[in-house]
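The structure under discussion appears below in the form of structure tokens.
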Amino acid sequence: MFQSERYLTQGVNAAIPIVLQLVMWKMISDIPAEKDYLQVFRLSGKNGIQTIIHEQEQPAYRKILSFQWPEAVVTQKVFVIDDGDYCTMLLAEEY
């Protein structure tokens, strides 16, 4: 899973800096277990600290990553879906 061509929506392109997009793709690659077709990211930022909560349902997986980031994304929920042909990153409201 998640070896197909990668795409992102205009919403992600506008709302999520490229560095954070790359961090989320890397977090998917680093999952030590089997990957679910749906990856969920919750981004929040406060006082220059960016937090990314990464989850999947089957098998259950959760990782929290926090780091200093001067332009922290305040609140966004991002889905990454692998449909077998494409991997697409989109904002939750675009689903």
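The values are calculated or read from the model by the stated rules, or taken from the named source; none is laboratory data. Keep in mind that this is a model prediction, so the values were computed, not measured. Here the Cβ is made from the backbone with ideal geometry for all residues, glycine too, and neighbour counts use every protein chain on show.
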Please specify each residue of the stretch 25-50 satisfying the condition of being farther than 10 Å from PHE2 by Cβ and hydrophobic (A, V, I, L, M, F, W, C).
MET27, ALA33, LEU38, VAL40, PHE41, LEU43, ILE49
Quick one: PHE41 ticks every box in (1) at pLDDT below 95; (2) crowded, with 17+ Cβ neighbours inside 10 Å; (3) of a type in the set (Phe, Trp, Tyr) except a single one, so which number is it?
(1)
Name the pairs: first residue in the stretch 1-20 and of a type outside the set (Asp, Glu), second residue assigned to a helix (DSSP H, G or I), Cβ to Cβ under 7 Å, at least 6 apart or on different chains?
PHE2/ILE28; ARG6/TRP25; LEU8/GLN21; THR9/GLU94; GLY11/GLU94; VAL12/GLN21
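So which residues in the stretch 75-87 are surrounded by 11 or more Cβ atoms within 10 Å (Cβ to Cβ) and of a type in the set (Val, Ile, Thr)?
Passing the criteria: VAL78, VAL80, ILE81.
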What about ALA72, is it aliphatic (A, V, I, L, M), assigned to a loop (DSSP other than H, G, I, E, B) and exposed (fewer than 13 other Cβ atoms within 10 Å of the Cβ)?
no
Would you be able to say whether some residue in the stretch 48-67 is surrounded by fewer than 17 Cβ atoms within 10 Å (Cβ to Cβ), modelled with pLDDT under 95, of a type in the set (A, V, I, L, M, F, W, C) and not in a strand (DSSP E or B)?
no
Hey, can you tell me all the residues within the stretch 22-47 that are in a strand (DSSP E or B) and among the β-branched types (Val, Ile, Thr)?
VAL40
